[in-house]
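The values are calculated or read from the model by the stated rules, or taken from the named source; none is laboratory data. None of the values given here were measured: they were computed from a predicted structure. Here the Cβ positions follow ideal geometry from the backbone for every residue, glycine too, while neighbour counts run over all protein chains shown.
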Ligand SMILES: [Zn+2]
C-alpha cells in the first residue's frame, strides 16, 4: 500500500466511523457505553424500587451527579440496586425534554461502568460497581446525586433479605406474587430507618433473582449484626393463618441467638399486623436461617392461602404495618444487645 492510498483509506475509515457514531447518537434508541465490561452480569427487573435520604453529605470528589431535565420531578425518578450483583439502575421519563448525557459528572471511584439507553423518552442508566456498595441518593435542584457507601464503615448494620425475586416469584395467588410484597415491605422499612444510627442494607432492592446460597454468602462476607429475611407463607391442605418467624434451633435460645431474634420480631410484627401469633418456629432446614453466621430469622408475615392474611399483606397499609413491626423489632434487638442506645 503506497502513502496516497493509505491516506485515502485512513480518511475514508475515519469518515465511516463518524457516520457510524452519528447514526448511533442520533437514533432514538441510542445507547452509549462509557466503559465496556462484558463480564458484568446484566440486571433485569421492573425497577420499581424507590428510596431516598433526606440529607446526604456531599463530596465533590466522590459523587455521581446526574442533571435531571426540566419537568421531571423527584417522584418520576426510580433508583434501584442490587448489592449482591453490584448493580444500580436509574430511570425516568424525560417528558418533552432531552437528557444530556454529557452533563453527567462522575467522580465516584466505586463505579466501573455506566451505560445509557433510551426508549420512547424513558432514560435508563445502568451502573456497575466495583464492590458491594450501599447506594444512597438525593434529589436537589434538578440534580440527582448518588453516593456509594462501603458497608464495612457502618458500626451497626442489619442485612434485610426480601424473599425471592426475578423469575422466582415465590408464592403466587391470582397473580399476586410473594416477591413483590416482600420487596414493597422492605422498601417501606428502608424509608423508616433512613435516619437511624444503624444502617440497613438489602440483598436486593429490585426485582432480581439471587439464590439462597448467594444471599447467605453475601451475609457472611459482609458480617451484619442481624439478618432478617422477609417472606409470605403458603399452606393449601387446610385454611390456617398467622405470622410465624423461623429460627435456627442449633444455636440455642440465649440473647443474640436466632431464636431470640425470631421471638422479638414475631411479637413486634404481630403487634402491628394484628395477625394470629404462631410464634417462633424451628427452621433448621431453611438455608439462609441455618447458614447465616449472624443472628438470623425468617419472617413469614402471613399465609397467602388465607383470605384474611392476604387482604392484610397485599394492601399498602398492611405492608406499611409489617415494615413498622420489623423496624421496631430490629430496634429492640439492637437495643437489647447493646448495639444501639
Ligand atoms: Zn418465600
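So for segment 321-341 (the condition being part of a strand (DSSP E or B), within 29 Å of residue 217 (Cα to Cα) and either in the same structural domain as residue 189 (by TED's automatic domain parsing) or modelled with pLDDT under 95 (or both)), does at least one residue qualify?
No, the conditions are met nowhere in segment 321-341.
A quick yes/no check of all residues on (1) in contact (Cβ under 8 Å) with a residue 12 or more places away in the chain; (2) within 16 Å of the ligand (Cβ to nearest atom); (3) out of contact with any helix residue (DSSP H, G or I) (no Cβ under 8 Å at 6 or more places or on another chain):
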{"residue": "208", "(1), (2), (3)": "yes, yes, yes"}
{"residue": "214", "(1), (2), (3)": "yes, yes, yes"}
{"residue": "217", "(1), (2), (3)": "no, no, yes"}
{"residue": "222", "(1), (2), (3)": "yes, no, no"}
{"residue": "232", "(1), (2), (3)": "yes, yes, no"}
{"residue": "235", "(1), (2), (3)": "yes, yes, yes"}
{"residue": "252", "(1), (2), (3)": "no, no, no"}
{"residue": "260", "(1), (2), (3)": "yes, no, no"}
{"residue": "269", "(1), (2), (3)": "yes, yes, no"}
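Check off (1) modelled with pLDDT under 95; (2) more than 25 Å from residue 93 (Cβ to Cβ) for residue 227 and give me the number that stays unchecked.
(1)
For segment 187-293, which strands (runs of 3 or more DSSP E) that fit wholly inside it have 2 or more residues that are crowded, with 22+ Cβ neighbours inside 10 Å and in the same structural domain as residue 328 (by TED's automatic domain parsing)?
By residue number, 199-202, 226-233, 243-247.
How many residues are farther than 16 Å from residue 104 by Cα and touching a helix residue (DSSP H, G or I) at 6+ places or on another chain (Cβ under 9 Å) if we restrict to segment 132-159?
The number of residues fulfilling the criteria is 9.
Can you find, within segment 237-247, the residue that is nearest to the ligand (Cβ to nearest atom) among those that are on the phi < 0 side of the Ramachandran plot and in contact (Cβ under 8 Å) with a residue 24 or more places away in the chain?
246
Taking into account only those residues within segment 169-180 that are surrounded by 18 or more Cβ atoms within 10 Å (Cβ to Cβ) and within 10 Å of the ligand (Cβ to nearest atom), which is nearest to the chain's Cα centre (by Cα)?
Step by step, filter segment 169-180, then rank; the result is 179.
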